[in-house]
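One structure below.
What follows is calculated from the coordinates using simple rules that are stated; it is not laboratory data. In this text the structure is predicted, and so the values were computed from the model without any measurement. Cβ coordinates were reconstructed from backbone atoms using ideal geometry, including for glycine residues, and neighbour counts include every protein chain displayed.
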Amino acid sequence: MSNRICELFGIQYPLIQAGMIWCSGWELASAVSNAGGLGIIGSGSMYPAILDEQITKCKTATDKPFAVNLPMLYPDIDKHIETIIRHKVPIVFTSAGNPKTWTEHLKSQGIKVVHVVSSLKFALKAQEAGVDAVVAEGFEAGGHNGRDETTTMCLIPMVARELSIPLIAAGGIGTGRGMLAAMNLGADGVQIGSRFVASEESSAHINFKHAVINTNEGDTRLTLKELTPVRLIKNEFYQQVEAAYQRGASAEELKTLLGRGRAKKGMFEGDLVDGELEIGQISSLFDHIMPAATIVAEIISEFREALSEQQTDKFKF
Ligand SMILES: Cc1cc2nc3c(=O)[nH]c(=O)nc-3n(C[C@H](O)[C@H](O)[C@H](O)COP(=O)(O)O)c2cc1C
């Protein structure tokens, strides 16, 4: 495979492992990069000193390109940016904020910048801000998400039609067939989060990994739109949020209910009752925790198989 995404990042397959708070540290990022994809360290849950250590370890574990995800709501963002530049990290995926704020500065340091969006309007704004590529993420995705509920199936062709820079599809993709479908809709590559949460190298707590592989269809829901919309497993904490909605709770009350540290509690410390368990709809398709390299190999092999099937009678009419 060689296409615009492979060339932009210097990788073998246009398959990106998403940056994910509490789940994607150096072990996962380096395993995916070593397997031919692009691994991303999720810096949104790391203190500056931790990010420094994670990048150092990632550089030791792989000589392949890797990236850092930078949610722009992060309070100490300038410290993270200084660390990224000092370590000469080649690629940064920014999210949750205005791409104009940091793109020029990062690019002036020779860093490739990709921005994550959930709508056509923001994809075009990111392109205008000078980013090298855009991730368009649909409603199915795990973690924080757009308010408009646009699905990947609808979002990707809308963005592909108007964007001229490379486009990466995210949300609900976890297989080779899903990857091929997204690329047939106009994407140049895919970003996969939920499936990699259930990898051996993910830093998620083992309880959360088991909860992820045990989800069934309908077990996740996008909620807390009044704060930052997020897709969660419908556990006890989610039921408390639902009950708050039923009694007409204000945004302020929802904020108090959410409190601080819920995501860490659920995903990193393994509290499946009171924690916030961020995962996407596609999680219901997977039943096993696997090494990240096996996940990459399986996706690429299924992609090739599905591509060759497109030559069969099913597609001739
Ligand atoms: C547990 C979890 C944590 C996430 N944390 C982040 C994050 O810190 N920054 C970010 O830009 N996106 C985050 N996301 C979204 C992913 O980067 C990715 O776009 C999404 O998982 C893709 O959809 P999928 O889950 O259907 O594969 C997170 C997703 C999950 C499942």
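Quick look at the values:
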quantity	calculated
Among SER108, ALA187, GLN239 the positive-end extreme of the charge dipole of the chain (Cβ point charges)	SER108
For the chain: relative contact order, % (alpha-carbon pairs under 8 angstrom, 6 or more apart)	17
Paramagnetic reach from ALA251 (point 7 Å along Cα→Cβ, amide N under 16 Å) across the range 213-236	223-230
Stokes-Einstein translational diffusion, the range 63-118 - Kirkwood Rh over all Cα pairs, 1.306 mPa s, 10 °C, in µm²/s	140
Extension gain (nm, one decimal) between THR151 and GLU200, 0.36 nm per residue minus Cα-Cα	14.8 nm
Distance from the range 135-172 to the range 179-240 (C-alpha centre basis), Å	15
Peptides ranked, highest mean first, by Cβ atoms within 10 Å: ranges 261-274, 20-33	20-33, 261-274
D_trans [Stokes-Einstein, Kirkwood Rh over alpha-carbon pairs] for the range 187-317, 10 °C, 1.306 mPa s, µm² s⁻¹	96
Ellipticity estimate at 222 nm from DSSP helix runs (n ≥ 4, -39,500 (n - 2.57)) divided over the chain, nearest 500	-11000 deg cm²/dmol
Label-zone membership for the range 255-283, site ASN207, 7 angstrom Cα→C-beta point, backbone N under 13 Å	263-277
Inter-site label distance for ARG304 and MET158 at 7 Å from Cα along Cβ, in nm	3.6
Check: the chain dipole with +1 on Lys, Arg Cβ and -1 on Asp, Glu Cβ, in debye	540
Convex hull of Cα atoms in the range 2-68, direction-averaged projection (nm²)	3.9
Options HIS87, ILE299, ASN207, ranked by Cα towards positive dipole end of the chain, top entry (Cβ charges)	HIS87
Low-density loop positions, trypsin sites (Lys or Arg not before Pro), the range 118-167 - DSSP coil, at most 12 other Cβ in 10 Å	none
Cα-based Rg and Dmax for the range 167-253, where Dmax is the largest Cα-Cα distance (Å)	16.1, 45
Candidate lysines - alpha carbon under 27 Å from LYS225, same-chain residues fewer than 8 apart omitted	LYS100, LYS121, LYS125, LYS209, LYS234, LYS255, LYS264, LYS265
Nearest-20 debye value, the range 1-76 charge dipole, Cβ charges on Lys, Arg, Asp, Glu	180
Within the range 171-317: Cβ-based charge dipole about Cα centre, in debye rounded to nearest 20 (Lys, Arg +1; Asp, Glu -1)	280
Dimensions (Å) - the chain, Cα atoms, principal axes, largest first	53, 52, 37
Loop trypsin sites (Lys or Arg not before Pro), the range 268-317, which have at most 16 other Cβ atoms in a 10 Å radius of their Cβ (DSSP)	LYS316
